[in-house]
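Novice: Before I ask anything, here is the structure I am working with.
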Protein chains: 2
Amino acid sequence: MVSLDDVAKLAQVSPATVSRALSRPEMVAEATRKRILQAAQELGYQPNQLARSLRQRSSQTLGLIITDILNPFHATLAKGVQDAAEKHNYTVFLFNTDEDPEKERRALNVLRGHQPRGLLIVPSPQAKENLKLVTKLPIVELDRTSGTPGIRTVMVDNVGGARKAVQHLIDLGHRRIGMIVGRLDISTAVERLQGYREALQAAGIPYDETLVLLGNHREADGREAAKALLSLPSDKRPTALFVGNNEMTVGAVLALREMGIRIPQELSVVGFDDSRWAATIEPALTVVAQPTYELGFLACETLLSSLSRGQDTLPTSIRLDTSFILRESTAPPGGRKNGLKKRRRN
Amino acid sequence: MVSLDDVAKLAQVSPATVSRALSRPEMVAEATRKRILQAAQELGYQPNQLARSLRQRSSQTLGLIITDILNPFHATLAKGVQDAAEKHNYTVFLFNTDEDPEKERRALNVLRGHQPRGLLIVPSPQAKENLKLVTKLPIVELDRTSGTPGIRTVMVDNVGGARKAVQHLIDLGHRRIGMIVGRLDISTAVERLQGYREALQAAGIPYDETLVLLGNHREADGREAAKALLSLPSDKRPTALFVGNNEMTVGAVLALREMGIRIPQELSVVGFDDSRWAATIEPALTVVAQPTYELGFLACETLLSSLSRGQDTLPTSIRLDTSFILRESTAPPGGRKNGLKKRRRN
DNA sequence: TACTTTTTTGCAATCGTTTGCAATTGTTGT
DNA sequence: ACAACAATTGCAAACGATTGCAAAAAAGTA
């Protein structure tokens, strides 16, 4: 590798001057600077960030920990973060936890070794414990919160989003509305459940716990929960279903298909989080959409600005709005009226 | 941050001994080692990889450059790479190029600064030029090849995969088979086109260039190409369509939907690369599936083993097999027989 | 011209590790 | 008890950059 010294020799100056020519141009005379830049160019010099960061005791890297890169939601988050980081000349280390606290712990330790400037994380259920490994480090939590006090968070308005979804079903005339919700040790699940309850309460519909099933965020969980709900005796069975995340929505819809239950004639479905799949499946799903890319981008911007502004700014918690997208998977209950005819595709 | 010196002081030994206790345990006496480990544990010591890499002139990091993390194919690739890297205690820097050679160049330069041990890359169209920036670095190309001599590649058998797809359409009785192919400066597109031609030739069907449209790998391109092909006069119009990548397949299918063309009754469709979308859309798509995760995993293993084995091993080019998955989007031409009745969903 | 001020440069220490070498300690054989 | 040897430890020099400080050069002033 070509180093500062090489450039210095070629330009006939000391390494110190080369360093300054590159990072503090105004400190070196026009002529020398030109000569140095020329030499650097010629040798294809690229500063060694390891040495640089070591000396400066601060790197130009960030850590990003998400739970599942195969989930388009998380991939989009990652892209938002990356783009923002790149804009500010930061490089990101990406880790996947697969929702496994142990993998998260390992990732945090590895990350620690690389001395990142800050950390963006979608916290696993035990993140509160794990994050003790990296006090000192400026952190922003995305999508969910671990509940650790003093940590910045960037999330969507889950309560409001869920409420809108359920409200819509209620407006259509549904009274037995099922929900498939994620693990309650994850904040998004709790909040979406709360939105569900609030909407019911506002409409004076009593909360029926037999209609609320827990899942572990995966497709398979959604599938099983849907099967269980639809196996209830017909007077107990929900006429509409609100599913708390994208993967479980997939599972639920596929299960319904397998069971031969028609959406929305026999069961209305609303999902949380939009995706191409949701938009183009038959029938196209009515969903609560999240500004996913913005979530990632903004989280990264928040982190970076807190880095430059110093500690003075208070740990803020940002909430982005969700938007309700009406498609074809909802209709009044009982199939008495078919909601399809009134609506257009897309 | 707690450093070697801190641990050394607490354990009452020199920093050198601490270093050895951690990385070459057999060199230090049982008792001291225990004392040191204890101290390290107590302080929550994590070695500074920056300093370590600087001194050793070699890091435990890899670069991974993909073209689009939002494409599930690439996300899966990334996951495979990550998992393999993690297994060997490597950390990966992830970059996105969005197929833009300029972004690729920037990514390579940034990467260079971080002194990665090796590079995995899905090369952009101008990668051959860009990769000159990182001679010295052990490289493995994934999915495609830039054509740079002496570089290891891990790809699928695109020619064979495409041939199987087209062969299937021919077997069903199709003779006017259209293809939507990617940019021909990307190796996968060239190979898939070749497979298409080989299959036609084997069946004695003349190659008709009006049936082959180029696209830029994106959904929008697939959409436009499909529209163009289906706007041909009915005697020129294809009765079947082979689409060269996943995103363009989406575009094509959605375009057909919008045009009210029924699959497979009016047009058979085969895509390249499987996905949940392809498997669950209506009708479920017949596709050539790739071992995507394995591709990423294997590419990373290849790179790492070439790192440890030294330069002795020849630059190998690995080809993985594709598999043909028959679903519901193909049927004999002309809709004379409806292929659907014979088949079951899933 | 001689002195002051400003600009430009170089010296050398430093960041936190690793590692060649030498010094110290412990072990063994006689 | 003492040499010979092995096992364990520490010293100090790297790795490639940055930066406080002081020296040198250039510019300004009287």
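The values are calculated or read from the model by the stated rules, or taken from the named source; none is laboratory data. This structure is a prediction, so every number in the text was calculated from the model and none was measured. Methodologically, a virtual Cβ is constructed for each residue, glycine included, from the backbone with ideal geometry; neighbour enumeration extends over all protein chains shown. Side chains included, ligands, DNA and RNA excluded: accessible areas come from the protein's heavy atoms. Shrake-Rupley method; radii C 1.70, N 1.55, O 1.52, S 1.80 Å.
Novice: Applying the selection to segment A:86-103, what residues are more than 10 Å from chain B (Cβ to nearest Cβ) and either farther than 30 Å from A:VAL287 by Cα or outside any helix (DSSP H, G or I) (or both)?
Specialist: A:LYS87, A:HIS88, A:THR97, A:GLU99, A:ASP100, A:GLU102
Novice: While we're on this one: From the set of residues in segment A:49-85 that are out of contact with any Ser or Thr (no Cβ under 7 Å at 6 or more places or on another chain) and part of a loop (DSSP other than H, G, I, E, B), which is farthest from A:LEU111 (Cα to Cα)?
Specialist: In this case the residue turns out to be A:ASN71.
Novice: Taking into account only those residues within segment B:17-51 that are charged (D, E, K, R) and either in contact with a helix residue (DSSP H, G or I) (Cβ under 8 Å, 6 or more places away or on another chain) or at positive phi (or both), which is farthest from DNA strand D (Cβ to nearest atom)?
Specialist: The selected residue is B:GLU42.
Novice: Anything in segment B:34-70 that is more than 11 Å from DNA strand C (Cβ to nearest atom) and among the basic types (Lys, Arg)? List them, or say none.
Specialist: Matches in segment B:34-70: B:LYS34, B:ARG35.
Novice: Criterion first (at pLDDT 95 or above, farther than 25 Å from B:LYS128 by Cβ and not assigned by the TED database to the domain that holds B:SER146) does B:LEU43 satisfy it?
Specialist: Taking the combined requirement at face value, the residue satisfies it.
Novice: Continuing with the same structure: Collect the residues in segment B:277-288 that are open to solvent by 10 Å² or more (accessible area, probe 1.4 Å) and either among the small types (Gly, Ala, Ser) or free of Cβ contacts under 8 Å to residues at least 12 places away in the same chain (or both), keeping them in residue-number order.
Specialist: Scanning segment B:277-288 gives B:ALA279, B:THR280, B:GLU282.
Novice: Among the residues of segment B:6-33, count how many are in a loop (DSSP other than H, G, I, E, B) and more than 8 Å from DNA strand C (Cβ to nearest atom).
Specialist: So the count comes out to 4.
Novice: Residue by residue through segment A:52-77, note down the ones that are away from DNA strand D (no atom under 14 Å from the Cβ) and either at positive phi or open to solvent by 40 Å² or more (accessible area, probe 1.4 Å) (or both).
Specialist: A:LEU70, A:PRO72
Novice: Out of curiosity, is B:ASP6 open to solvent by 30 Å² or more (accessible area, probe 1.4 Å), within 30 Å of A:VAL92 (Cβ to Cβ) and over 42 Å from the mean Cα position of the chain (by Cα)?
Specialist: Answer is yes for this residue.
Novice: Applying the selection to segment B:224-257, what residues are among the small types (Gly, Ala, Ser) and open to solvent by 10 Å² or more (accessible area, probe 1.4 Å)?
Specialist: Within segment B:224-257, B:ALA228, B:SER231, B:SER234 qualify.
Novice: Exactly one condition in (1) without any contact (Cβ under 8 Å) to a residue 60 or more places away in the chain; (2) among the β-branched types (Val, Ile, Thr); (3) in contact with a helix residue (DSSP H, G or I) (Cβ under 6 Å, 6 or more places away or on another chain) is not met by B:THR67; state its number.
Specialist: Going through (1) without any contact (Cβ under 8 Å) to a residue 60 or more places away in the chain; (2) among the β-branched types (Val, Ile, Thr); (3) in contact with a helix residue (DSSP H, G or I) (Cβ under 6 Å, 6 or more places away or on another chain) one by one, B:THR67 breaks only (3).
Novice: Using the structure shown, decide if B:VAL110 is open to solvent by 20 Å² or more (accessible area, probe 1.4 Å), of a type in the set (A, V, I, L, M), within 12 Å of chain A (Cβ to nearest Cβ) and in a helix (DSSP H, G or I).
Specialist: So B:VAL110 fits the description; yes.
Novice: Under 8 Å between Cβ atoms, at least 6 apart or on separate chains: pull out the pairs that start in segment B:30-56 with a residue that is over 21 Å from A:GLN115 (Cα atoms) and more than 10 Å from chain A (Cβ to nearest Cβ) and end on any residue that is open to solvent by 100 Å² or more (accessible area, probe 1.4 Å) and more than 8 Å from DNA strand C (Cβ to nearest atom).
Specialist: B:ARG35/B:GLN12
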